[in-house]
Amino acid sequence: MEIKAKCKFDLETVKALTYLTMFKKGSPQKRMTALNVLFSVLLAIVILEIILFGIDINLVLVAISGIIILLWNAYMWFFYPKVRYKALAKMKNTQNEYKFTDERIFVTTTGEEYNGEAQIEYSLFVKVYETSRYLFLYQTNNQVFIVDKNTIECGTVEEIRNKLSAFVKNKYVVCKY
């Protein structure tokens, strides 16, 4: 088996990783929408109670908390991926090329300021998340290799999935989005 794939660390890739870390298995867009609708309804109820029954310090604190949560959600959805992308520094816009073999993955990283190569045995991955567009291969809880499934050549996603799931077993998660 020798399957090739690529992935560029651009803003879209960082967004996908950010949303994965926020929502894991479920659809990020649906979950964020549900959270915002829930907090908006609760906020509307609290404001309605303040209007109908007068100002109560506890209701005002709940209303302020609801507003802060909605603002936080907006920040996490729209701005936090950009912050994480800028934090990549030298890794911004680098391209990883992957070669999946029977025993390991060969990774070649090329970019303007950073170049490198690595060989990673499948047994070193602690978990894998698969979305409709990406494979997220976690070597540690904080280090992830991202594979764009649209770039796979000389093989299929199923072949990669079978190889990886044999090593990470129940830590291979296929996300619903």
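The values are calculated or read from the model by the stated rules, or taken from the named source; none is laboratory data. Source: prediction; values computed, not measured. Here the Cβ is made from the backbone with ideal geometry for all residues, glycine too, and neighbour counts use every protein chain on show.
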key: Criterion (surrounded by 13 or more Cβ atoms within 10 Å (Cβ to Cβ), of a type outside the set (S, T, N, Q) and more than 24 Å from N96 (Cβ to Cβ)) met by exactly one of L35, L52   = L35
ask   = Scanning for something in contact with a helix residue (DSSP H, G or I) (Cβ under 6 Å, 6 or more places away or on another chain) and among the β-branched types (V, I, T), does the range 26-39 turn up at least one residue?
value = no
task = Among what's in the range 112-136 and is charged (D, E, K, R) and under 20 Å from the mean Cα position of the chain (by Cα), pick the residue that is farthest from N162 (Cα to Cα).
result = R133
request  = Determine, yes or no, whether I69 is in contact with a Cys (Cβ under 6 Å, 6 or more places away or on another chain), surrounded by 14 or more Cβ atoms within 10 Å (Cβ to Cβ) and not acidic (D, E).
outcome  = no
task = Answer yes or no: is there a residue in the range 93-111 that is at positive phi and touching a Lys or Arg at 6+ places or on another chain (Cβ under 8 Å).
result = yes
Lone qualifier among A87, A63 - being farther than 22 Å from N142 by Cβ and small (G, A, S) = A63
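Please work out if T101 is among the hydroxyl-bearing types (S, T, Y) and in contact with a strand residue (DSSP E or B) (Cβ under 8 Å, 6 or more places away or on another chain).
Answer is no for this residue.
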ask   = Looking only at strands (runs of 3 or more DSSP E) that fall completely inside the range 114-167, which ones have 1 or more residues that are at pLDDT 95 or above and closer than 14 Å to M1 by Cβ?
value = 144-153
